[in-house]
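Q: Starting off with a structure, shown below.
The values are calculated or read from the model by the stated rules, or taken from the named source; none is laboratory data. None of the values given here were measured: they were computed from a predicted structure. Every residue, glycine as well, gets a Cβ built from its backbone with ideal geometry; the counts of neighbours run over all protein chains shown. Ligands, DNA and RNA are excluded from the accessible area calculation, which covers all protein heavy atoms including side chains. Shrake-Rupley method; radii C 1.70, N 1.55, O 1.52, S 1.80 Å.
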Amino acid sequence: TDRRRATEEREQLVRRKSDFVATVSHELRTPLFSIHGALQLLAGGPSHLEPQDRRLLQIALASAERLAKITNDILDVSRMDAQQRRPPRREPLAPERVIAEALFDASHAARTTGIAIEAQLAPDLPLLFGDHDQLVQVLVNLLSNAVKFSPAHATVVVSAAADASFVSLSVR
């Protein structure tokens, strides 16, 4: 009984820690992406900045990109940990919503490399059934890899189509 109680307490502590890390990582992303976007606008704007100010701007931009990557990595680990503790859910999902969330998450990496991400969705897509978080994560990983391994100024396309039995999502 004592051993079981100690194991349950340890598991609860691990869950709470993982939930805390996921919440903090998720909450950091929104202001971090806003900061990064503002820095990108400044860096891409007219070059009225002094060379030392432009250098500081580039350092801040690189730091924001590093923080975004670290935050995303922490969130990925937290998601994997959470998924190991629970079986995948099978819930009805709108493919457009899953793709929109994945595009939002992957758009940061694309913007920094000059790569465009485009969605091509068939009209009137039916709901699909799956685990929301896992599907978004798979698409984010595919989009991130496509961005990483595409030549500069390329276009990555995520598409969705349906037939009588399946909804197909693809990244090209």
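Q: With every protein chain left in place, what is the accessible area of Ser168 in Å² (1.4 Å probe, nearest 10)?
A: 70 Å²
Q: Rounded, prolate or oblate: which fits the chain, taking a ≥ b ≥ c as square roots of the Cα gyration tensor eigenvalues, rounded meaning a/c under 1.5, else prolate when a/b beats b/c?
A: Verdict is oblate for the chain.
Q: Find the Cα radius of gyration of region 82-172, compare it with 2.2 N^0.38 Å by division, and give the number to two decimals.
A: Relative to the rule-of-thumb radius for its length, region 82-172 sits at 1.12.
Q: Please compute the Kirkwood hydrodynamic radius of region 10-66 from all pairs of different C-alpha atoms, in Å with one decimal.
A: The Cα-based Kirkwood calculation yields 13.4 Å.
Q: In addition: Report, in debye and to the nearest 20, how large the dipole of region 96-166 comes out about its Cα centre when Lys and Arg carry +1 and Asp and Glu carry -1 on their Cβ.
A: Around 340 debye, computed over region 96-166.
Q: Pop the C-beta distance of Phe20 and Asp73 into the FRET formula with R0 = 22 Å and round what comes out to the nearest 0.05.
A: After rounding to 0.05, the efficiency reads 0.85.
Q: Of the DSSP beta bridges with both residues in the chain, give the percent that are antiparallel, rounding to the nearest 5.
A: So the antiparallel bridges in the chain amount to around 55 percent.
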